Amino acid sequence: MYQPLTLFLGLRYSRARHGQRFTRFIQRVSLVGIVVGVAALIVVGSVMNGFEGELKQRILTVVPQLEIRDEQGLSDWQQVADALPVQQGQQALLPEVTTAGVLQGPQQLQAVQVQGIFPNAAGAAVQLEPLQTHLNAGQLALVEGQFNVVLGYALAQQLNVWPGQQLRLIAAGGGIYTPLGLLPAQRLVTVSGIVRMQSEADKHLLVMHGADLARILRMAPEQVSGLRYYFADPFQALDAVTELEPRLDVGLELMSWRDSYGHLFDAVSMEKRMVNLMLGLIIAVAAFNIISSLMMVVQDKRSDIAVLQTMGLAPFRVRRMVVLQGLVTGTLGSLVGLLLGLIVALNMNGLLQALGLDLSFAGPAGLPVIVDTTQVAGTVLAALLLTFLATLFPAWQASRMLPAQALRYE
């Protein structure tokens, strides 16, 4: 079968078993370095993506992703909602009643952020689904007039309460002035359920029916604190902020999840970048090894290259030959690393259990793993690009070789 000369020579030199042992050793180290670097980036990146996805699912599905608030309350919230354009990825736009407060248990007090939701509103299923999925004890039972509340697991543990017990809720808003001073709005509430999100939200989560909370806050009928957006991807809320801000009336305030939890996701993002940088250095070191091995191959094959040049092999073909030789190592290492990384990532929990490691900290499902095809493709392409760049200098050196000098002492 016909094969271009440069491709034939590049493949032949990359498969050659003769020559300097140290040169072959460096080539194999380069190959192993690329395999390890690519596989490690795929595995670690998939696990980090899984943890980020778990944070989004366990925190941003129960805390407000994007809110439109009015300090005085919204009486015409339906008109405001109808006037707002539908955002990309928007799942629902629902009324809410929120306030800060203090929950008084049998022995101690605990600050909470009270969320009043309306289970019967159109699209409210997106609010109730994460609560029902992570329900740890009791039931939701958010019925108007019963003043039932749903607590986060960590909050319930701190107060030492369980479903069926009563607590006193003291709200920050809705107070009235009396001759004795400001009397805060308060009410006995019954714990109907406990949800366990296994996140920071468990410490302050308190959900109740919006109409009940509105009564505690002494709000007018049909009045709410604001509107709350739900998105298919909570990160889409950040894009919606830019579009919605110019459209809001005076007095309305726009708040996204980044105002409360942005520092947490920024820390995760920074950690991902630092881990990827450190693992990427493995591939960079392997690329430097490719430079070393190709330079030694060029020195070892000086006479062969000189003979080929005297037979008419042009300098650009010499460069192409050396580049192809390096790309063989990079391509083989990238493909093997890709295969190894996918196998380990997709079977991560089984492999860790086989090694006898305790995965109880990650929950019953084990370590979360999300393989991002775009990220995987970017890792492989980055490895190939580094390999290609590593071949340029040895190829340039080989093309500058003068046959007469190389064959002088042959």
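The values are calculated or read from the model by the stated rules, or taken from the named source; none is laboratory data. Quick caveat, the model's predicted, so the values are computed rather than measured. When we count neighbours, we look across all protein chains shown, and the Cβ atoms used for this are built from the backbone with ideal geometry, even at glycine. The accessibility values were calculated without ligands, DNA or RNA, using every heavy atom of the protein model including side chains. Shrake-Rupley method; radii C 1.70, N 1.55, O 1.52, S 1.80 Å.
Brief remarks follow.
- Scanning segment 73-98 for residues that are farther than 23 Å from VAL62 by Cα and of a type in the set (S, T, N, Q) yields SER75, GLN79.
- Qualifying residue in segment 227-247 (condition: under 25 Å from LEU151 (Cβ atoms), more than 30 Å from the chain's Cα centre (by Cα), of a type outside the set (A, V, I, L, M, F, W, C) and open to solvent by less than 30 Å² (accessible area, probe 1.4 Å)): no
- Restricting the first member to segment 71-90 and to residues that are open to solvent by less than 80 Å² (accessible area, probe 1.4 Å), and the second to residues that are among the β-branched types (Val, Ile, Thr) and assigned to a helix (DSSP H, G or I), the beta-carbon pairs closer than 8 Å and six or more apart or on different chains are LEU74/VAL80.
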